[in-house]
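One structure is given below, encoded as structure tokens.
The values are calculated or read from the model by the stated rules, or taken from the named source; none is laboratory data. Computed from a predicted model, the values in this text were never measured in an experiment. Positions of Cβ are backbone-derived with ideal geometry, glycine not excepted, and every protein chain shown enters the neighbour counts.
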Amino acid sequence: MPVTHEDILHWLQRSAQVLHENSAFLTELDSAIGDADHGINMDRGFTAVSTKIAGVSDADIGALLKTVGSTLVSTVGGASGPLYGTAFLRAGMATSGKQVLETPELIAMFDAALEGIKARGKAQAGEKTMLDAFIPAVDAAQQAAKDQLPVPQLLQSMAAAAEVGMNATIEMIATKGRASYLGERSVGHQDPGATSCWLILQALSDTVSPEIPHEE
Amino acid sequence: MPVTHEDILHWLQRSAQVLHENSAFLTELDSAIGDADHGINMDRGFTAVSTKIAGVSDADIGALLKTVGSTLVSTVGGASGPLYGTAFLRAGMATSGKQVLETPELIAMFDAALEGIKARGKAQAGEKTMLDAFIPAVDAAQQAAKDQLPVPQLLQSMAAAAEVGMNATIEMIATKGRASYLGERSVGHQDPGATSCWLILQALSDTVSPEIPHEE
Amino acid sequence: MKKLINKPEDVVREALAGMAAVHADLINVDIEQQIIVRRDAPIKNKVGVISGGGSGHEPMHGGYVGYGMLDAACPGAVFTSPVPDQMLAATRAVNGGAGVLHIVKNYTGDVMNFEMAAELAAAEDIEVVSVVTNDDVAVQDSLYTAGRRGVGVTVLLEKIVGALAETGAPLAQVAELARQVNNQGRSMGMALTSCTVPAAGKPTFELGEDEMEIGIGIHGEPGRRRAKLATAAEITETLTNPIVDDLRLKAGEQVLAMVNGMGGTPLIELYIVFNELERILKGKSISITRSLVGNYITSLEMAGCSITLVRLNDEFVKYWDAPVHTPALRWGR
Amino acid sequence: MKKLINKPEDVVREALAGMAAVHADLINVDIEQQIIVRRDAPIKNKVGVISGGGSGHEPMHGGYVGYGMLDAACPGAVFTSPVPDQMLAATRAVNGGAGVLHIVKNYTGDVMNFEMAAELAAAEDIEVVSVVTNDDVAVQDSLYTAGRRGVGVTVLLEKIVGALAETGAPLAQVAELARQVNNQGRSMGMALTSCTVPAAGKPTFELGEDEMEIGIGIHGEPGRRRAKLATAAEITETLTNPIVDDLRLKAGEQVLAMVNGMGGTPLIELYIVFNELERILKGKSISITRSLVGNYITSLEMAGCSITLVRLNDEFVKYWDAPVHTPALRWGR
Ligand SMILES: Nc1ncnc2c1ncn2[C@@H]1O[C@H](COP(=O)(O)OP(=O)(O)O)[C@@H](O)[C@H]1O
Ligand SMILES: Nc1ncnc2c1ncn2[C@@H]1O[C@H](COP(=O)(O)OP(=O)(O)O)[C@@H](O)[C@H]1O
Ligand SMILES: [Mg+2]
Ligand SMILES: [Mg+2]
Ligand SMILES: [Mg+2]
Ligand SMILES: [Mg+2]
């Protein structure tokens, strides 16, 4: 059961909704170690995405994701705008012309998105950023693919890995992004970007396999 | 038993001390209906007076009071500076060359001080100012003189009348001074200037007849 | 009390020392006499223009000493009128033989202290004319009260009148222009928070999280009434309408508009208020042809704003536009 | 949350509208594209100088658009870097054929967004050079971190570099001067209170009545450490010494000094801090020959201050003194 063009649309709308619902929470996280805007930023960006994709719903998946990327770049700002924007732009380039995504295409898409974030932000694992949710998630996807798990399980294990990664950011000292200015004082706080990353991946898993209850 | 030059010196020092002790209280009163500085102003002025009169202690009463007046004018500022300053200047003019003050001289001194405040501030009784303590006090002094009470009793009745007058300001609507800007909102608050006026008159009574307990 | 100060009793003196260091090219500060004097004072045959009042309203008045505005300022203790000695010293320092204008904000204390100073100056044969500003429409004016407070218009008047004085105009004319500007100007202010007088150590009043004070002055005194917090649009209406009514501003007229911050309100909010003000006046076909937005007459760290409008005529515009070079207001040179 | 605003989501847009109304003689504000452009842009053969960043730092950057400083500014949402579209629009609007300098404060978001904008501009054959400011000594600098934040030096650099650009100097020279000013400048800041992002609705951090944050940036983020409230003298020492050490300022050298208010601190306190700064530097035989005291790079209504020192040389002085005419900085014309 591949991921369809319609699944992607539902995922994006669900992400918009989840980020809207969690806007205050994400901003709260960003207050502790940043500048109190991550929830506001993500909500603004995905609200724009939600409006925008209503108009391009008949495009292929690649075109759709590129639209998402450029919309995020144009509306989010801050650190998360170029990072998520680049991730979706690269994901779109990796899925150009596709109407459905089987496991190999999914993996290619996530790889491309990850490379995009790394290239744009020049961060690595362990620096207390969204990468600390996304890298283990992509690792989990690759493992799931190797284990030939069906797509819903693959996405579920991605989300689960992202959540574990997100929780692991609590104990990290930030060395990238705004939280790095706090040095040691950043310890003990969960990274907002890692949290939004998990929310988006969880939304994907929930979209594709809504029947499977996830451990939140 | 007339009021002596030494009594006046003691009174001024005692006033300085009492105003210093009540500085926060007077400023508190001024916070409610003014600009939170009356205690600070009076304390600054009488601290300067206290220093200054140490140097002129051998002058006559008139010269001494004129020095007090000019010192207050030069150090207090605000509304109370010119008002108390003028009062003491006029009091000094009325007691020029005197070494002791019998009842008639005392009455003349208070009359002159009262006229000075009225001339300078253009206020009348009932406007919620220091006059509402001072006018009844001078009235009481005149009555005591008519009744041929000895000086300590005269001063005591002055202080008592000032206190009653001060308390009466609570219910007044201010029409002069800074409190007048509050209109009806000035009701329910005791006037700071009436309070400092009472403190000064009480200090005089306490100086001249320290043995008589006053009803505070 | 959270302030960048050392001891409360040293606030004014140390701020003056700082000001002297920053603006040595423009002003001389006599810290002992507590006066701020234009570097090139006294200027022969130029009317000296001085003002003064309590400290805590910075940049007023010291920030307005310089070319085209004030010749001297006398800062008192925080929120306390200066004493006659200061005003007399300033009057002497700026007297170039053409007399001296005293610009006095209408507060009992300021009026009385300036009055005593003028008497002392007269005794020294210095011609002094005093003009009292009283532009605050929040206050009821009547023969039987202390009258309206002098607030925002004072700043605009100092600029306009200072420019005329710079041309060498005689004292009577300078004073007359001052009276005219005062007559054509009105203000009203509001507070979101109180301020704290350093020596008092705690806020002058307490306001709930959803309350504001309407009709405040500039000394942290409570306003005419307390009200529920409202939007910038509503607040601007509340301040603007009484001004427009009192000035009887009519469609087609032009004004100089000042949106003034009370000290703790950021510029971004003042621009929002100005936006509302423009909208309201546009609705009445009144046009803002000159304006000033920022902290010009403050109450320490109070959050809030005031609005001042001055009905313009050609003469006011001419002197408003004339060059000015002071620590806080500068253009044209 | 006590602010003079309407809806939190309209803050930036309405403030821009207000700014456009107040300063129509100097700037054009494109509210749709969210850019502030000098009225006479693009100027043929003049290097365009632009900057941008989150809103909430007013007057920076929009207040510095005008003759002798910036050609355009791109304000983002409050404390959020603007998006590449804005920077691209601004770049186009000010490109007079001599290329465009991007002045970027060193924050991950700002750097990445400006980077994307520069890529887009390059695709349109507009020559862009970016210079990143990173003057905050409170932040540890290393290859493995995001590096130092860009703070106060940005304002001073925009003035100095803007003056050079005004002379028609080529892009490479303008960019080189920008790098030099950044290299010679350092800053450090502190907060007495937090600020409140309008859309967040509550203070970013909580501070006790006797606490302060040392080593803050300009986005309401907590500082490097929390400390007991201290005197102006002690606070000024705490901020000044790391700057002097890091710049290796030596006896006999001259500096441009800025004492900057964070938005909620009144001018009277900033003068007190300046007084302390002068005393400290005098003790090290370093002289302040140019200075700026006021709210120039703020964090909404935060109370606190920052200090910036730039080691001066003749070239810096020359361009600092050159005329400037913007909403927030004006002299010489
Ligand atoms: N260099 C980077 N690489 C990857 N992620 C980053 C980087 N810098 C910051 N982030 C992420 O961005 C998040 C902050 O986003 P946001 O608050 O929207 O932007 P800003 O920090 O500009 O206010 C952080 O929580 C972190 O996860
Ligand atoms: N016109 C006046 N006549 C008499 N007393 C006055 C007048 N105006 C004000 N006062 C007195 O002055 C007091 C305030 O003094 P103070 O706080 O020192 O000065 P300011 O009002 O200038 O801050 C008032 O409480 C009132 O008693
Ligand atoms: Mg953030
Ligand atoms: Mg008072
Ligand atoms: Mg006072
Ligand atoms: Mg941000």
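A few comments on the model shown:
- Candidates in region B:1-35 are the residues that are in contact with a Pro (Cβ under 9 Å, 6 or more places away or on another chain) and assigned to a loop (DSSP other than H, G, I, E, B); of these, the one that is farthest from ligand 1 (Cβ to nearest atom) is B:M1.
- C:G150, sole failed condition from (1) assigned to a loop (DSSP other than H, G, I, E, B); (2) more than 16 Å from ligand 5 (Cβ to nearest atom); (3) under 24 Å from C:M262 (Cα atoms): (2)
- Candidates are the residues of region B:31-60 that are under 20 Å from B:G188 (Cβ atoms) and under 17 Å from the mean Cα position of the chain (by Cα); the one that is nearest to ligand 4 (Cβ to nearest atom) is B:H38.
- Any hit, region A:107-120, residues being surrounded by fewer than 24 Cβ atoms within 10 Å (Cβ to Cβ), in contact with a Pro (Cβ under 9 Å, 6 or more places away or on another chain) and in contact (Cβ under 8 Å) with a residue 12 or more places away in the chain: yes
- Members of region D:89-110 found to be surrounded by 24 or more Cβ atoms within 10 Å (Cβ to Cβ) and closer than 24 Å to D:I160 by Cα, listed by number: D:A90, D:T91, D:V94, D:N95, D:V100, D:L101, D:H102, D:I103, D:V104, D:K105, D:Y107, D:D110
- Residue within region D:49-65 that is crowded, with 23+ Cβ neighbours inside 10 Å and more than 16 Å from the chain's Cα centre (by Cα) present: no
- Selection within region C:277-333 - in a loop (DSSP other than H, G, I, E, B), away from chain D (no Cβ under 11 Å) and not hydroxyl-bearing (S, T, Y): C:K284, C:I286, C:I297, C:L312, C:N313, C:A322
- Boolean, C:N45 is surrounded by fewer than 24 Cβ atoms within 10 Å (Cβ to Cβ), out of contact with any helix residue (DSSP H, G or I) (no Cβ under 6 Å at 6 or more places or on another chain) and assigned to a strand (DSSP E or B): no
The rows are residues; the columns are (1) surrounded by fewer than 21 Cβ atoms within 10 Å (Cβ to Cβ); (2) assigned by TED's automatic domain parsing to the domain that holds D:M69; (3) at positive phi.
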site: D:L157; (1), (2), (3): no, yes, no
site: D:A165; (1), (2), (3): no, yes, no
site: D:G168; (1), (2), (3): yes, yes, yes
site: D:Q173; (1), (2), (3): yes, yes, no
site: D:E176; (1), (2), (3): yes, yes, no
site: D:C195; (1), (2), (3): no, no, no
site: D:A199; (1), (2), (3): no, no, no
site: D:K202; (1), (2), (3): yes, no, no
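- Among the residues making up region D:171-206, those that are within 20 Å of D:A232 (Cβ to Cβ) and facing another protein chain (nearest Cβ under 8 Å) are D:L192, D:T193.
- Matching residues, region C:1-51, being of a type in the set (K, R) and free of Cβ contacts under 8 Å to residues at least 12 places away in the same chain: C:K2, C:K7
- No other residue among A:S196, A:S186, A:S157, A:S209 is in contact (Cβ under 8 Å) with a residue 40 or more places away in the chain and away from ligand 3 (no atom under 16 Å from the Cβ) apart from A:S209.
- Some residue of region B:172-182 being in a helix (DSSP H, G or I) and either more than 11 Å from every other protein chain (Cβ to nearest Cβ) or surrounded by fewer than 19 Cβ atoms within 10 Å (Cβ to Cβ) (or both): no
- Consider region B:61-72 and keep the residues that are more than 14 Å from the chain's Cα centre (by Cα) and closer than 23 Å to B:L199 by Cβ. The one that is nearest to ligand 6 (Cβ to nearest atom) is B:T71.
- Options A:G78, A:G45, A:G85, A:G39; residue that is touching a strand residue (DSSP E or B) at 6+ places or on another chain (Cβ under 9 Å) and either basic (K, R) or within 16 Å of ligand 6 (Cβ to nearest atom) (or both): A:G78
- Cβ-Cβ contacts under 7 Å between residues 6 or more apart (or on different chains), taken from a first residue in region D:258-276 that is at the interface with chain C (Cβ under 7 Å from one of its Cβ atoms) to a second residue that is of a type in the set (K, R), are listed as D:E269/C:K3.
- Residue under evaluation D:V37, criteria (1) crowded, with 24+ Cβ neighbours inside 10 Å; (2) facing another protein chain (nearest Cβ under 9 Å), criterion not met: (2)
- Within this structure, D:A15 passes the test of being at pLDDT 95 or above, within 23 Å of D:M302 (Cβ to Cβ), outside any strand (DSSP E or B) and facing another protein chain (nearest Cβ under 10 Å).
- In region D:52-92, residue nearest to D:L120 (Cα to Cα) [restricted to those that are part of a helix (DSSP H, G or I) and either within 14 Å of chain C (Cβ to nearest Cβ) or within 16 Å of ligand 2 (Cβ to nearest atom) (or both)]: D:G62
- So C:P203, is it more than 16 Å from ligand 3 (Cβ to nearest atom) and in contact with a helix residue (DSSP H, G or I) (Cβ under 6 Å, 6 or more places away or on another chain): no
- Picking from residues in region B:71-97 that are closer than 15 Å to C:M87 by Cβ and part of a helix (DSSP H, G or I), the one that is nearest to ligand 5 (Cβ to nearest atom) is B:G81.
- The residues listed here are A:L155, A:L114, A:L149, A:L106; of these, the one that is outside any helix (DSSP H, G or I) and at pLDDT 95 or above is A:L149.
- Taken as a whole, the structure places B:S70 among residues that are more than 16 Å from ligand 2 (Cβ to nearest atom), modelled with pLDDT of 95 or more and within 14 Å of chain C (Cβ to nearest Cβ).
- Answer residue from region B:187-198, given it is within 16 Å of ligand 4 (Cβ to nearest atom) and either surrounded by fewer than 24 Cβ atoms within 10 Å (Cβ to Cβ) or at the interface with chain C (Cβ under 7 Å from one of its Cβ atoms) (or both) and is nearest to B:L83 (Cα to Cα) among those: B:Q190
- Residue pairs meeting the criteria (Cβ under 6 Å; at least 6 apart or on separate chains; first facing another protein chain (nearest Cβ under 9 Å) and touching a residue at least 24 places away in the same chain (Cβ under 8 Å), in region A:30-58; second surrounded by 24 or more Cβ atoms within 10 Å (Cβ to Cβ) and of a type in the set (F, W, Y)): A:D35/D:F79; A:D37/D:F79
- Taken together, B:S70, B:S74 contain a single residue that is under 17 Å from C:M112 (Cα atoms), away from ligand 3 (no atom under 16 Å from the Cβ) and free of Cβ contacts under 8 Å to residues at least 24 places away in the same chain, which is B:S70.
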